[in-house]
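The values are calculated or read from the model by the stated rules, or taken from the named source; none is laboratory data. Computed from a prediction, not measured in an experiment: that's the story for all the values here. Here the Cβ positions follow ideal geometry from the backbone for every residue, glycine too, while neighbour counts run over all protein chains shown.
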């Protein structure tokens, strides 16, 4: 009888300790809205989707691409180097895309081109920086 009582006591302590340490995940707040057309928040460990808006719609990673371009430029170019805008850099952009107003033959420092690309989302600045980092032999003709 004493042995059964000890087992039940140990089981009770185990259940109490287990219940005390088991924490439920906090619930996601109701009525959450984001300004973007789409977005997703996932639990990194389980992959569970905590929030989603238009998660099955394909979006192009333009801003992420510009940030990666900026990283490559910062790692491989001198910020005081001069960048010359080619015709391809200026005119090989999507119609209606954002621009800083550079034209063929214009020159600016790498630093100023980075500002234009990151702060104004200027596509011609991104093109010119990519050409600058890759070198003149990679410039394409329209």
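Against the condition within 19 Å of the chain's Cα centre (by Cα) and surrounded by 12 or more Cβ atoms within 10 Å (Cβ to Cβ), how does residue 69 come out, does it pass? Let's see the steps before the verdict.
Values: within 19 Å of the chain's Cα centre (by Cα): yes; surrounded by 12 or more Cβ atoms within 10 Å (Cβ to Cβ): yes.
The answer is yes for residue 69.
For every residue, the table says whether it meets (1) at pLDDT 90 or above; (2) surrounded by fewer than 13 Cβ atoms within 10 Å (Cβ to Cβ); (3) in contact with a helix residue (DSSP H, G or I) (Cβ under 9 Å, 6 or more places away or on another chain).
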{"position": "45", "(1), (2), (3)": "yes, yes, no"}
{"position": "48", "(1), (2), (3)": "yes, yes, no"}
{"position": "53", "(1), (2), (3)": "yes, no, no"}
{"position": "80", "(1), (2), (3)": "yes, yes, yes"}
{"position": "84", "(1), (2), (3)": "yes, no, yes"}
{"position": "92", "(1), (2), (3)": "yes, no, yes"}
{"position": "121", "(1), (2), (3)": "yes, no, yes"}
{"position": "126", "(1), (2), (3)": "yes, no, yes"}
{"position": "133", "(1), (2), (3)": "yes, no, yes"}
